[in-house]
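Read the structure below first, then the notes.
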Amino acid sequence: MRFVLALILTVILGYILGLFLDWWSISLAAFIVAFFWQQSPARAFGSGFLAVFLLWGTLALVIDVRNEHILSSRMSELILKAGLPMVMILITGVIGGLVGGVSALSASVLRPARKSK
């Protein structure tokens with residue numbers, strides 16, 4: 001349950017910060033959620049990765065559909081030498097997911113450990 005809540009909070013905070021800041025705001029969102037929402041490092045990486053992957057993948061897909069796949073088709077021809085616009089959206093999501101996952105992992109490792117009584 002903590003994993004799902006961290007995922008949802010990261011998506012919401014990442015979207016809101018993305019409205020006002022640059023692309024790096026996703027790392028800030030993942031860091032903040034992982035720092036204040038205690039999880040193991042592996043779960044923190046997973047929730048940060050999945051949250052940003054879903055956020056960026058969805059946003060890239062919406063933008064791609066609105067412009068009729070023009071930019072993603074041209075970029076896939078330029079980079080991949082093939083007309084595969086969905087692969088470009090997947091690559092976008094994976095890169096964003098890695099940024100969010102590493103940021104959440106960093107916050108989880110930097111978080112002070114609880115003292116047992």
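The values are calculated or read from the model by the stated rules, or taken from the named source; none is laboratory data. Quantities reported herein were computed from a predicted structural model and do not represent experimental measurements. Cβ placement follows ideal geometry from the backbone for every residue including glycine, while neighbour counts extend to all protein chains displayed. Quick note on the areas: whole protein, heavy atoms, side chains included, nothing else; ligands and nucleic acids left out. Shrake-Rupley method; radii C 1.70, N 1.55, O 1.52, S 1.80 Å.
Here are some notes:
- Within the stretch 105-116, at least one residue is farther than 25 Å from residue 10 by Cβ and either in a helix (DSSP H, G or I) or more than 17 Å from the chain's Cα centre (by Cα) (or both).
- For the stretch 52-73, a residue qualifies if it is of a type in the set (D, E, K, R) and either within 26 Å of residue 7 (Cα to Cα) or in a helix (DSSP H, G or I) (or both), and the qualifying residues are 64, 66.
- Tallying residues that are under 10 Å from residue 101 (Cα atoms) and open to solvent by less than 50 Å² (accessible area, probe 1.4 Å) within the stretch 35-52 yields 6.
- In the stretch 1-17, the count of residues that are in a helix (DSSP H, G or I), touching a residue at least 12 places away in the same chain (Cβ under 8 Å), hydroxyl-bearing (Ser, Thr, Tyr) and open to solvent by 70 Å² or more (accessible area, probe 1.4 Å) is one or more.
- Residue match in the stretch 63-75 (condition: in contact (Cβ under 8 Å) with a residue 24 or more places away in the chain and not small (Gly, Ala, Ser)): yes
- Among the residues of the stretch 79-90, some residue qualifies, meaning at least one is more than 20 Å from the chain's Cα centre (by Cα) and either open to solvent by 90 Å² or more (accessible area, probe 1.4 Å) or in contact (Cβ under 8 Å) with a residue 60 or more places away in the chain (or both).
- Of everything in the stretch 19-47 that is in a helix (DSSP H, G or I) and free of Cβ contacts under 8 Å to residues at least 12 places away in the same chain, the residue that is nearest to residue 109 (Cα to Cα) is 42.
- Applying the condition of being of a type in the set (Val, Ile, Thr) and surrounded by 24 or more Cβ atoms within 10 Å (Cβ to Cβ) to the stretch 18-34 and asking which residue is farthest from residue 90 (Cα to Cα) yields 33.
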